[in-house]
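**Student:** Pasting in a structure now, in structure tokens, and then I'll have a few things to ask.
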Amino acid sequence: MIIKPKIRGFVCITAHPDGCAKHVEEQIKHVRSNGPIKDGPKNVLIIGASTGYGLASRVAAAFGSGANTLGIFFERPPGNGKPASAGWYNSAAVEIAAAKEGLYAGSINGDAFSDELKTQAIELIKKEMGSVDLVVYSLASPRRTDPADGQTYRSTLKPIGQPFTANNLDTDRKTISPITIEPANEEEIHSTVKVMGGEDWERWMEQLEAAGCLAEGCHSVAYDYVGPEVTWPVYHNGTIGQAKKHLRETAERIDALLKIKRGAAFISVNKAVVTQASSAIPVVPLYISILFKVMKKAGLHEDCIQQIDRLFRTRMYDGSALVFDEEGRVRMDDWEMKPEIQEQVKALWPVVNTETIDEKTDFSGYQENFLKLFGFGLSGVDYEADVDPDLDIPSLKD
Ligand code: NAD
């Protein structure tokens, strides 16, 4: 079939298998261009491995550090003449490339929040890797069923305490107009913490530890975002911010668990990038479009793979102790938060409107990145050619 992008709001409901493979290949190339990551991880579990920061973590571990990887994700397989979701094709591409290197790369497609999946992962780790020396927790999900009480919780992206009005970019219509988001109630705050807080990360680590799957010196990292004040009402100080606060508190408990093994758990604050998760957050796509303009001009632009490659190479596995901020977090958003970058973003913010969007922002860069997430717009891919959407992920074939 011929696969074209079909965009519905902030998602694209189609994905291109060859384009996704090309996107993964670009990421592999980036990591390889920097040479091997010396003393990097060797057996890695990535929870949320198919897109965004989790995919980049898997690529950096496998192709920078020669690691075996087990990737967990929740993706739509192809079927009934419809293409799979992008993360499905990305994972197939990673497995195929890893096999060429003689690396183990296994996958589980299912609900990472369930205990059944955790048991399945533990069995695979024992069989294929023995234990893991790095666990990356990179889930972004709108809902979670908690195995402890059987209840399904939904996350929301809302301010807390008072309504928030700000300019918002409609990426579909290419228009900018103010939106007002009503504040969350207590239940919405609680539910968002249940989904995006640290409860599930801790559950994973406890079960992995009880099964003897955490190697001596094991590290675990989860990702956070802080960003500038203009996004705080809807992010840092909003419902998702409360969940991230819980994630940080959880990191301290997991750190205590891993310290016994001479390992560590920590939060890495990453920069704002275009992913399926970030494109759903009000106000953030507009901020990212401005940020891209400023960071590209300054020669500091990074996507997921540049961020994670830098995290592994210059922070986690460079032979020196991790450097933390005053709240105990690693700051990979250091370039984004440079005063000179933020000053320029701040100056552009009030003058950006529908008419000035191309001149004052990197909207085309935003869109290019967004389409790439689904395997569109990659050079060297023939989008007019007939392509078979029924691509298997090798380890999930049987
Ligand atoms: P993403 O949407 O690209 O990836 C989410 C991953 O989670 C996918 O692999 C998906 O399959 C998986 N997933 C979702 N629900 C699942 C479930 N129930 N079971 C198994 N897998 C499931 O998201 P992302 O933007 O890469 O976000 C990853 C982390 O990075 C989040 O914690 C996010 O807050 C953080 N972060 C993102 C940004 C950003 O700008 N995108 C910035 C800093 C930090």
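The values are calculated or read from the model by the stated rules, or taken from the named source; none is laboratory data. Bear in mind that the values here come from a model prediction, so they are computed numbers and not experimental data. All Cβ positions, glycine included, derive from the backbone under ideal geometry; neighbour counts span all protein chains shown. Heavy atoms of the whole protein, side chains included, go into the accessibility calculation; ligands, DNA and RNA do not. Shrake-Rupley method; radii C 1.70, N 1.55, O 1.52, S 1.80 Å.
**Student:** Please give me, ordered by residue number, the trypsin sites (Lys or Arg not before Pro) of region 254-292 that lie in loop per DSSP and have at most 13 other Cβ atoms within 10 Å.
**Tutor:** Working: sites: Lys259, Lys261, Arg262, Lys271; in loops: Lys261, Arg262, Lys271.
Those that pass, being in a loop and sparsely packed, are Arg262.
**Student:** Also, quick follow-up: In deg cm²/dmol and to the nearest 500, what is the mean residue ellipticity at 222 nm of the chain if only DSSP H runs of at least 4 residues count, each as -39500 (n - 2.57), divided by the residue total?
**Tutor:** The helix contribution divided over the chain gives -11000 deg cm²/dmol.
**Student:** At a probe radius of 1.4 Å, what is the per-residue accessible area of Arg313, in Å² to the nearest 10?
**Tutor:** Around 50 Å² of this residue is reachable by solvent.
**Student:** Further, regarding this structure: With a 1.4 Å probe and every protein chain kept in, tell me what percent of the accessible surface of the chain is carbon plus sulfur.
**Tutor:** Values: 8590 of 16930 Å².
The value for the chain is 51 percent carbon and sulfur by accessible area.
**Student:** Counting only residues 5 or more places away or on other chains, whose amide H sits under 5 Å from the amide H of Gly263 once H atoms are built in the peptide plane?
**Tutor:** When sequence neighbours closer than 5 places are left aside, the close amide H contacts are Gly217, Cys218.
**Student:** At 20 Å minimum axial length over the Cα atoms and a Kyte-Doolittle cut of 0.5, report the qualifying DSSP H helices in the chain, or say none. Please report the intermediate quantities before stating the final value.
**Tutor:** Working: long enough: 17-33 (24 Å, -1.08); 86-100 (22 Å, 0.35); 239-259 (30 Å, -0.66).
Counting only whole DSSP H runs, no helix qualifies.
**Student:** Residue by residue through region 71-80, what is 3J(HN,Hα) from phi via Karplus (6.51 cos²θ - 1.76 cosθ + 1.60, θ = phi - 60°)? Round to whole Hz and write x for glycine and proline.
**Tutor:** x, 10, 7, 10, 10, 8, x, x, x, 6
**Student:** Now for a separate question. Compute, for Thr51, the solvent-accessible surface of its heavy atoms (probe 1.4 Å) with the complete set of protein chains present, and express it in square angstrom to the nearest 10.
**Tutor:** It works out to around 40 Å².
**Student:** Related question: Accessible area per residue, 1.4 Å probe, Å², for region 178-318: what's the number?
**Tutor:** Per-residue accessible area for region 178-318 comes out at 35 Å².
**Student:** Taking 35 Å as R0, compute the FRET efficiency from the Cβ-Cβ separation of Ile179 and Asp111 and round it to 0.05. All intermediate terms of the calculation are to be shown ahead of the outcome.
**Tutor:** Details: r = 32 Å, r/R0 = 0.90.
Given R0 = 35 Å and the Cβ-Cβ separation, E is 0.65.
**Student:** Among 197-205, 378-386, 110-118, 344-352, what's the highest-first ranking by average C-beta atoms within 10 angstrom per residue?
**Tutor:** Details: 197-205: 22.2, 378-386: 11.3, 110-118: 17.1, 344-352: 14.7.
Most protected by this proxy first, the peptides run 197-205, 110-118, 344-352, 378-386.
**Student:** What whole number of Å gives the distance from the Cα centroid of region 118-139 to the Cα centroid of region 323-389?
**Tutor:** 32
**Student:** Hey, can you grab everything whose amide H is under 5 Å from the amide H of Val132? Only 5+ residues off in sequence or another chain; H modelled, so Pro and N-termini drop out.
**Tutor:** Under 5 Å from the amide H of Val132: Leu214, Ala215.
**Student:** With a 1.4 Å probe and every protein chain left in place, work out the accessible area per residue of region 88-171 in Å², rounded to a whole number.
**Tutor:** Values: 3620 Å² over 84 residues.
That works out to 43 Å² for each residue.
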